[in-house]
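A.B. asks: Questions regarding the structure given below will be posed in turn.
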Amino acid sequence: MPEVNDLNISAVKQSFDTALRAVSNLDELDEIRVRFAGKKGDLTLLLRSLGKLPPEQRKQAGQEVNKLRDEIENRLNEAATRLRDAENEKQEIASRIDVTLPERGRTAGAFHPVMQTMHEIANIMQGLGYSVATGPEKEEEFYNFECLNVPPWHPARDMQDTFYFPDGTLLRTHTSPVQIRAMLQYGAPLRIVCPGKVYRRDNDTTHSPMFNQMEGLLVDKNVPFSVMKGTMSEMMNAFFGRSLKYRFRASYFPFTEPSMELDIECVECSGHDEHCRVCHGTGWLEVAGMGMVHPNVIRAGKIDPDVYNGFAFGIGLDRMAMLKYGISDLRLLFDGNVSYFMSSFEGAKSC
Ligand code: PHE
């Protein structure tokens, strides 16, 4: 064997040994395959250099290179099988299902505080003999305004307050149109509450363009004013779970006469904290609009106002939810961030 050639063969073999020992994955093994057994690899170079040997040495050197090539091929294949098996096993272990692990548990869904409030108040009213009625959110001017004694020149009809559709229909600005629909459908006597979404062009810290109301309507013969006051206080006491103080303030709505607004004693400070963040020291919270139904409205419901009268009220459900559950910012009610929402419960103990 000529020295140069001999040295090259054993040098290639040695560096192959070293490289193979350091291999830890199939990608690295591929690199080694290219380096030694590839088209431009060391073995090819060795085979090419055979031509330069004197003829009498060529045969033996050729055999040795072939032997080395076989060895390299075999060992590369062995290593590939070994690494592939190891990788498969690793993957299998990673994807193995451990049936002995305890279950992750399920989080139960919960009602949104406004929904909860809606249900609570509706339940209270059902206890007083009221039925729940619903109506469309996309409403006609006729039901939303006209039948409710709101003339075309009334500011409530303004584009700044109401969302109109191009065809002249609108997003109802209150739940009061359900009063008309219910009277037309069921006649008198009637006791209904109508919960649902309403829409106005309003958007700031205390107003949202969509909010929730609950309308109430009672129509019967000789309904006295006092029944309305009794019903409202009964409802608020039941909702807040205690006997509150009330204040009825004269107000104006086109669809009721006389009209009033209901203030309840501040549920946060009961009027004892002049810095109260809920009532701002006034001791009172405005919670509902109401009044004796205007004869024109009864007439629009195709009921005879000389025989029947009644009262109606409208409560802001979002405000009621905020007051009962101590939620400080209206926008949180429409926020999808649950943890932020949870942290808004005042005095909540974090455990
Ligand atoms: N619809 C009135 C509002 O949205 C509330 C209301 C309802 C007042 C019924 C009186 C009677 O402000």
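A.B. asks: All but one of (1) surrounded by fewer than 14 Cβ atoms within 10 Å (Cβ to Cβ); (2) under 60 Å from the mean Cα position of the chain (by Cα) hold for N74; which doesn't?
C.D. replies: That leaves (2) as the condition not met.
A.B. asks: Would you tally the residues in the stretch 268-302 being open to solvent by 10 Å² or more (accessible area, probe 1.4 Å), more than 16 Å from the ligand (Cβ to nearest atom) and on the phi < 0 side of the Ramachandran plot?
C.D. replies: Final tally of qualifying residues: 11.
A.B. asks: Output the helices (runs of 4 or more DSSP H) that fall wholly within the stretch 105-218 and possess 2 or more residues being more than 30 Å from G326 (Cα to Cα), away from the ligand (no atom under 14 Å from the Cβ) and open to solvent by less than 80 Å² (accessible area, probe 1.4 Å), or say none.
C.D. replies: Values: elements: 113-127, 141-144, 177-186.
Once the helices (runs of 4 or more DSSP H) in the stretch 105-218 are filtered for at least 2 residues that are more than 30 Å from G326 (Cα to Cα), away from the ligand (no atom under 14 Å from the Cβ) and open to solvent by less than 80 Å² (accessible area, probe 1.4 Å), what remains is 177-186.
The values are calculated or read from the model by the stated rules, or taken from the named source; none is laboratory data. What you are looking at is a predicted structure, and each value in this text was computed from that prediction instead of being measured. Neighbour counts run over all protein chains shown; Cβ positions are idealised from the backbone, glycine included. Areas reflect the complete protein model, heavy atoms only, side chains present, ligands, DNA and RNA absent. Shrake-Rupley method; radii C 1.70, N 1.55, O 1.52, S 1.80 Å.
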